[in-house]
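Undergrad: The structure follows.
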Amino acid sequence: MYSNVLINCSNCHTPLQVPPGAGSIRCALCQAVTLVADPRAIPSQPFSSPHAPPPPSPYSQTPPGPLPNPHGRKKAVIVGISYKFSRHELKGCINDAKCMRYLLINKYSFPESSIIMLTEEEDPRGPKFPSKNNIRMAMFWLTQGCQPGDSLVFHYSGHGSQQRNYNGEEADGFDETICPLDFETQGMIVDDEINATLVRPLTHGVRLHALIDACHSGTVMDLPFLCRMNSRGQYVWEDHRPRSGVWKGSSGGEVISFSGCDDHQTSADTSALSKITSTGAMTFCFIQAIERSGPGATYGTILTAMRTAIKNAGSGGGGSGGGDVVTSLLSMLLTGGSLTAGGLRQEPQLTAGEAFDVYRKPFSL
């Protein structure tokens, strides 16, 4: 665990964890920004938690049926749910899943056999149908036996929601959730479970990237820090550690999550970006930012590019349509979709297990 210091919020006096070298930290409760005059002058303190290590995941069995064995050090779980023939139907989520799979295989050399993709196009009786139980099993498979050097990816495109939190761990009073295909009968998967399954088991040297294209997804990974970035690209890390003191970071691994919007916002699937078919706005803009950024991309430049693309599409500014590399990919992979657009008013978010300089840290999967 990295060194850190604690200071009291300048407004509500809540203890806040200051990342190394940070000049300020934002309080998730009152939104006040507390300045640190000279962070180098404050002695570092090792993080310690009075709580015991998290219990093993209750999903201690591999999913039924033949699933791929990981080859090398790259594994991914991709979930795309359209909720077809229901009042919750989405048009772009399976498109998102196919595009993400293509990106991982062809740009980042993820072995095809080390990617589990759960969509409604799979056998409803098989382990790759996006039911609650199958998504749980796939998440456990992703982190099971992880070792230093592993690169893991979890991508989810579907509905997200919120439910009341009663233990006081959420600043806004709500847990964030993702919605499996059978959520109306089996229930949603709550951020506490996602964190326990995907984040806390990760040991030193393991890296996980989560990409959550869903409503209310800002803190759905329950990570300790959220990067608040304004329209000029200036940012401050916001402390989202539970007031109870329970540690929601990893066991030494690196976790970074891109999400489609803030906790109070909704995400859209739209054709306003690709011009040819529906996609999740966040997934489209993420892939576009990756393809356009080149080898010098940082987390800050990717997040800024994603926000700019969504803002331009929402205001009718265009600039990301025909001829774009993602549109070409969609033309090759996909058919069908909705041609409804409408304004986009979502802001992709970045959360992490540890705060860092987003404009200096190179992006890598």
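Undergrad: What is the one condition in (1) surrounded by 19 or more Cβ atoms within 10 Å (Cβ to Cβ); (2) touching a residue at least 40 places away in the same chain (Cβ under 8 Å); (3) of a type in the set (D, E, K, R) that Glu120 does not satisfy?
TA: Tallying (1) surrounded by 19 or more Cβ atoms within 10 Å (Cβ to Cβ); (2) touching a residue at least 40 places away in the same chain (Cβ under 8 Å); (3) of a type in the set (D, E, K, R), Glu120 fails exactly one: (1).
Undergrad: Another one. If the Cβ limit is 9 Å and pairs must be 6+ apart or interchain, which residue in the stretch 293-314 that is over 18 Å from Ala352 (Cα atoms) and touching a residue at least 24 places away in the same chain (Cβ under 8 Å) pairs with which residue that is of a type in the set (A, V, I, L, M, F, W, C) and open to solvent by 50 Å² or more (accessible area, probe 1.4 Å)?
TA: Ala313/Ala341
Undergrad: Next up: Out of everything in the stretch 249-264 that is within 11 Å of the chain's Cα centre (by Cα) and buried (at least 24 other Cβ atoms within 10 Å of the Cβ), what residue ends up being farthest from Arg307 (Cα to Cα)?
TA: Across the stretch 249-264, the extreme among qualifying residues is Val255.
Undergrad: Scan the stretch 176-203 for residues that are touching an Asp or Glu at 6+ places or on another chain (Cβ under 8 Å) and either within 24 Å of Lys84 (Cβ to Cβ) or open to solvent by less than 10 Å² (accessible area, probe 1.4 Å) (or both) and report the count. First the steps, then the outcome.
TA: As a first pass, look at the stretch 176-203 and keep what is touching an Asp or Glu at 6+ places or on another chain (Cβ under 8 Å): 176-177, 181, 190-192, 194-195, 199, 202.
Going one step further and asking which of them are either within 24 Å of Lys84 (Cβ to Cβ) or open to solvent by less than 10 Å² (accessible area, probe 1.4 Å) (or both), we end up with 176-177, 181, 191, 194-195, 199, 202.
The qualifying residues number 8.
Undergrad: Here are the criteria: (1) within 19 Å of Val79 (Cβ to Cβ); (2) under 19 Å from the mean Cα position of the chain (by Cα). Tell me which single one Lys128 does not satisfy.
TA: (2)
Undergrad: Okay, next question. Test Ser151 against the criterion of being more than 27 Å from Asp262 (Cα to Cα), among the hydroxyl-bearing types (Ser, Thr, Tyr) and touching a residue at least 24 places away in the same chain (Cβ under 8 Å), and give yes or no. Explain how you work it out, then say what you get.
TA: Values: more than 27 Å from Asp262 (Cα to Cα): no; among the hydroxyl-bearing types (Ser, Thr, Tyr): yes; touching a residue at least 24 places away in the same chain (Cβ under 8 Å): yes.
So Ser151 fails the test.
Undergrad: Just give me the residues in the stretch 130-151 being open to solvent by less than 40 Å² (accessible area, probe 1.4 Å) and under 10 Å from Pro180 (Cβ atoms), in sequence order.
TA: From the stretch 130-151, those open to solvent by less than 40 Å² (accessible area, probe 1.4 Å) are 130-132, 134-135, 137-143, 146, 150-151; that's our starting set.
Across the stretch 130-151, the qualifying residues are Pro130, Ser131, Lys132, Asn134, Ile135.
Undergrad: Moving to a separate point now. Starting from the stretch 159-174, take each residue that is at pLDDT below 85 and list its partners that are of a type in the set (Lys, Arg) and open to solvent by 40 Å² or more (accessible area, probe 1.4 Å), counting only C-beta distances under 8 angstrom and pairs at least six apart or across chains.
TA: Gly168/Arg243; Glu169/Arg243; Gly173/Arg164; Phe174/Arg164
Undergrad: Among the strands (runs of 3 or more DSSP E) lying completely within the stretch 1-116, list those that include at least 3 residues that are over 24 Å from the mean Cα position of the chain (by Cα), farther than 30 Å from Phe129 by Cβ and modelled with pLDDT of 50 or more.
TA: Values: elements: 3-8, 15-18, 24-27, 33-35, 74-80.
Per the criteria, 3-8, 33-35.
The values are calculated or read from the model by the stated rules, or taken from the named source; none is laboratory data. Since the structure is predicted, the reported quantities are computational estimates derived from the model, not experimental observations. No Cβ is skipped: glycine too gets one built from the backbone with ideal geometry, and neighbour counts run over all protein chains shown. We work out accessible area using only protein heavy atoms, side chains counted, and drop any ligands, DNA or RNA first. Shrake-Rupley method; radii C 1.70, N 1.55, O 1.52, S 1.80 Å.
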